[in-house]
Each structure stands twice: as C-alpha cells, then as structure tokens.
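A short write-up of the structure that comes next.
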Amino acid sequence: HTHTHTHPLPFQALALSKAIEDGVSHMWTCSMLQMHNNAMILCDEDATLELRVKTVKYFKGIHKAHEELPAELKAALAPRDRQALRQTSL
C-alpha cells in the first residue's frame, strides 16, 4: 500500500542538509557533491526544511538573480547549463 507525503521523509531533508551545509564526510556520501565543480541539486521547498535560513536565502538569491538576467544572457548561458546537467545526471 502506498503512502502520500505532504512533506518529505525527515531523512530526505536531513540528507540535503548534510549534502550542502556540512563538510564532506564518509557518513554522508551525498556530501561528495561539494567536490564537483558543476553539481546541481534539484529539490522542492519541503526538502529544505532542515537547512539553515542563511543557506535557503543564499540559493533563492542565486535563482532570483538568474531569473532577472536579460534573455540574451540566459541564452548564452543555456548551453553551459545543459552541459552541467548532463555531467551531473546519474
């Protein structure tokens, strides 16, 4: 039988926190993403519940700045963004 969650399992939010806020650790292998030059993590808002407020504001600021870029600049960055997605897809 299937369960639907309105919030991610606590482990998912904790894993995201360990992946990006703490140092690289063998206890949280996902933290190795910090060593990748072009790592990209996609998650929903609920998965950020364990993150520090500063971290969430930082990444939202980056997203907002990207959204406000002129169309020509976004188009110029798009091939690099697609390349980064290909490199990080598992």
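The values are calculated or read from the model by the stated rules, or taken from the named source; none is laboratory data. Fair warning: this is a prediction, and the values are worked out from it, not measured in the lab. Note that we place each Cβ from the backbone using ideal geometry, even for glycine, and neighbour counts take in every protein chain shown. Accessible surface is based on the protein model in full, side chains and every heavy atom, while ligands, DNA and RNA are left aside. Shrake-Rupley method; radii C 1.70, N 1.55, O 1.52, S 1.80 Å.
Restricting to region 19-55, give me the number of residues that are within 12 Å of the chain's Cα centre (by Cα) and in contact (Cβ under 8 Å) with a residue 12 or more places away in the chain. Even if it seems obvious, please write down each step before you answer.
From region 19-55, those within 12 Å of the chain's Cα centre (by Cα) are 19-21, 30-31, 33-34, 38-45, 47-48, 51, 55; that's our starting set.
Those left that are additionally in contact (Cβ under 8 Å) with a residue 12 or more places away in the chain: 19-21, 30-31, 33-34, 38-41, 43-44, 47-48, 51, 55.
Qualifying residue count, region 19-55: 17.
When you go through ASP44, ASP22 one by one, which is the residue that is among the acidic types (Asp, Glu), surrounded by fewer than 12 Cβ atoms within 10 Å (Cβ to Cβ) and modelled with pLDDT of 85 or more?
Values: ASP22 fails: surrounded by fewer than 12 Cβ atoms within 10 Å (Cβ to Cβ).
Every option except ASP44 fails the conditions.
Looking at LEU33, LEU73, LEU85, which one is assigned to a helix (DSSP H, G or I), at pLDDT 90 or above and either among the basic types (Lys, Arg) or open to solvent by less than 100 Å² (accessible area, probe 1.4 Å) (or both)?
LEU33
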